[in-house]
Amino acid sequence: MALIETGSTAVKLMSRPIEPSWIIEGNPVAQSCVLSQSSDGLASTIVWECSEGRFNWYYDFDETILILEGSIVLESDTMRPTRYGPGDVVFFRDGAHARWHVEGRVRKLAFCRTTQPFILSFAARVFNKIKRVMFLSEKRAAPGLAST
């Protein structure tokens, strides 16, 4: 796996149908393409596009979206209907529910992360902190780097 990957949002999208029981109105057609995925498989970047329609969406992971083209109206039990368009960013936490109204067509860039139980994420943060400290210590002590 390359440590740095580059890409474009101009990619061929594959059909990714919306769960039929979630559709409220219309015939929204969704497509997407995974642009990148973390080495542990818990995070990914996706281009997603959908035609006009209204539907529910239930989130079982954290998702941050950036609207690239088109517009949507989002609402939930705790949020009044609000329109979002190009350049707008929305964050959905794991467990969120939103009602989407795609106006015409929308294209978004989505940053998705599967959440872990608190104890696992805490252990991972501790491990990564120790790794960073050890790496910096090793780098400082490496021969040829010390001044004479």
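No value in this document is a laboratory result; all are computed from the given coordinates. As the structure is a prediction and not an experimental result, all values here were calculated from the model. Here the Cβ is made from the backbone with ideal geometry for all residues, glycine too, and neighbour counts use every protein chain on show.
A few notes on this one:
- Residue order for Lys131, Lys108, fewest other beta carbons within 10 angstrom first, comes to Lys131, Lys108.
- The phi-based Karplus calculation (6.51 cos²θ - 1.76 cosθ + 1.60; θ = phi - 60°) puts the 3J(HN,Hα) values of the range 89-98 at 10, 10, 10, 10, 7, 3, x, 5, 9, 9 Hz, whole numbers, x for Gly and Pro.
- Put in order of Cβ neighbour count within 10 Å, fewest first, the listed residues Leu3, Leu42 become Leu3, Leu42.
- The loop-placed trypsin sites (Lys or Arg not before Pro) in the range 1-94, going by DSSP, that have at most 11 neighbouring Cβ atoms within 10 Å of their Cβ come out as Lys12, Arg93.
- Ranked for footprinting exposure by Cβ neighbours inside 10 Å, fewest first, Phe55, Phe127 give Phe127, Phe55.
- Computed over the range 14-113: relative contact order in percent, which uses C-alpha pairs under 8 Å that are six or more apart: 32 percent
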